[in-house]
Amino acid sequence: MLHQHCICHVRLTDERSEQEKKAEETELFTKYYTEWKGGGDKDTSYNNIPRFYYRNLWFLLDKHQVPPVTGEEAMISYEAYLQVGEKAGSKCNKFFTARVYAKLLHNDPYGRISIMQFFNYVMRKVWLHQTRIGLSLYDVAGQGYLRESDLENYILELIPTLPQLDGLEKSFYSFYVCTAVRKFFFFLDPLRTGKIKIQDILACSFLDDLLELRDEELSKESQESNWFSAPSALRVYGQYLNLDKDHNGMLSKEELSRYGTATLTSVFLDRVFQECLTYDGEMDYKTYLDFVLALENRKEPAALQHIFKLLDMENKGYLNVFALNYFFRAIQEQMKVHGQEPVSFQDVKDEIFDMVKPKDPYKITLQDLVNCCQGDTVVSILIDLNGFWTYENREVLVTNDNNSTNTSDLDDT
């Protein structure tokens with residue numbers, strides 16, 4: 001009995017030491033990987049990838065690196081690359097081809113490729129494969145698309161796996177899911193078909209942003225700039241609640257007029273309520289999210305398309321001088337209310353056409369706005385007094401910025 005007990009004890013000790021060895025190896029890998037990748041930046045998109053890919057492949061590549069090091073990049077030759085492929089096993093065969101090597105081959109004088117670039121390439125491919133499988137489980141119709149309800153289910157079940165969302169109250173989950181899903185559909189379903197290709201979800205950066213929330217140590221700046229973070233979702237929902245003065249869960253035109261700096265024109269807000277889905281003349285949270293995504297991303301083609309539709313009152317597919325004048329007149333009215341001298345429409349019209357340089361000198365299309373790369377400035381001039389004022393005083397603002405920079409430089413010295 002005693003002998004058996006001793007054997008069991010030894011086995012348990014061996015198992016524990018094996019686990020400790022694995023933990024040490026993983027810790028060592030993480031240390032080298034983060035240092036090699038450039039400091040403490042952690043890429044947590046690949047957290048669910050099997051340790052086989054993560055650890056074994058990394059150490060094999062490291063063992064076969066070919067000097068000299070280029071800058072801080074460890075490199076590998078084609079011969080060594082093929083040797084690693086043989087040792088890595090059949091699961092990795094598809095990554096060790098001449099095509100992949102050629103794709104990653106840049107200007108190295110010795111004809112080598114960066115180990116880091118190759119490793120990231122493999123990790124990305126494996127992660128995309130796993131994520132495609134994960135998303136496909138929610139494709140109820142099996143057509144390669146996700147409907148709104150499918151993506152809602154995917155994100156709802158993802159929440160518990162994201163440490164950055166640990167603090168969210170369960171009562172807020174439905175609002176969080178709605179906020180997250182809306183971004184996917186606003187940008188990836190511009191024709192409002194109610195479904196998105198899984199391929200498009202994988203190709204865009206939104207999933208990366210969402211899965212960045214696996215990182216337990218995400219900086220405040222990263223959280224604030226990430227639409228899917230808890231602070232960002234709470235900010236958007238909090239703004240909605242603050243605008244809803246009568247607490248009926250919907251926004252009237254008057255309530256929405258206080259959005260942002262409260263300088264959107266009444267004419268533009270009229271168009272918002274004419275074109276967007278409303279309930280008894282009031283806007284729900286989902287429609288509000290589209291509104292926010294359009295105004296916060298005015299440089300993006302999908303946002304410009306959303307705003308262009310509101311400006312194109314007669315649905316002609318272009319803006320003519322009449323349309324520009326109609327919207328700018330409301331800016332002039334606001335300037336009078338604020339005791340400012342209204343700017344001549346003729347001057348503004350000429351500046352807009354100079355900025356856009358449309359194919360037809362009398363008509364501005366959505367494509368013209370996107371192509372000119374100043375579409376955000378043009379729409380801001382037409383719908384938002386604050387946006388117009390910023391444009392009108394751009395030279396003063398640049399001068400002030402330069403002065404403040406020079407002052408801070410003097411303070412440093």
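Distance from a point 7 Å along Cα→Cβ of Leu241 to each backbone N in the stretch 275-307: keep the residues under 15 Å and list them by number. Those under the cut-off are 285.
If the chain linking Gln367 and Arg258 were pulled fully straight, counting 0.36 nm for each residue of separation and taking away their Cα-Cα distance, it would gain 36.2 nm.
All other residues with a Cβ under 11 Å from the Cβ of Glu148 taken together, and with Lys, Arg as +1 and Asp, Glu as -1, what is their net charge?
Working: positive: Arg147, Arg182, Arg192, Lys195, Lys286; negative: Asp150, Glu152, Asp189.
Its environment carries a net charge of +2.
Label positions at Phe345 and Tyr173, each projected 7 Å from the Cα along the C-beta direction, are separated by 5.4 nm.
Which of rounded, prolate, oblate describes the stretch 113-174, given a ≥ b ≥ c as roots of the alpha-carbon gyration tensor eigenvalues and a/c under 1.5 marking rounded, otherwise prolate only if a/b is larger than b/c? Before the final figure, lay out each step's value.
Working: a/c = 4.38, a/b = 1.43, b/c = 3.06.
Because a/c hits 1.5 or more and a/b fails to exceed b/c, the stretch 113-174 counts as oblate.
Working note: Karplus 6.51/-1.76/1.60 with θ = phi - 60° gives the stretch 378-393 the couplings 4, 5, 5, 4, 8, 10, 9, 4, 5, x, 5, 4, 4, 5, 4, 9 Hz, where Gly and Pro are set to x. For the cross-link pairs Lys125/Lys309; Lys125/Lys286; Lys183/Lys220; Lys299/Lys359; Lys197/Lys349; Lys87/Lys125, which exceed 31 Å when the distance is taken from alpha carbon to alpha carbon? The pairs that break the limit, which is 31 Å between Cα atoms, are Lys125/Lys309; Lys125/Lys286; Lys197/Lys349. Spacing of the modelled spin labels on His338 and Leu82, each 7 Å from Cα toward Cβ, amounts to 6.9 nm.
Please say if the stretch 231-375 is rounded, prolate or oblate, where rounded means a/c under 1.5 for a ≥ b ≥ c the square roots of the C-alpha gyration tensor eigenvalues, and otherwise the choice is prolate for a/b larger than b/c and oblate otherwise? Prolate shape, in that a/c is at least 1.5 and a/b is the bigger ratio.
Cα centroid separation, the stretch 308-343 to the stretch 172-245: 32 Å.
Does the stretch 143-247 classify as rounded, prolate or oblate by the C-alpha gyration tensor (a ≥ b ≥ c root eigenvalues; a/c under 1.5 gives rounded; else a/b over b/c gives prolate, otherwise oblate)? Numbers along the way, then the final one.
On the way: a/c = 1.73, a/b = 1.22, b/c = 1.42.
Oblate.
Does anything in the stretch 277-319 have its amide N under 19 Å from the 7 Å Cα→Cβ label point of Gln143, and if so which residues? Counting only backbone N, you get no residues.
FYI, it's all coordinate maths here, none of it is from the lab. All values derive from a computational prediction rather than experimental measurement. Neighbour counts are summed over all protein chains in view; Cβ atoms, including those assigned to glycine, are modelled from backbone coordinates with ideal geometry.
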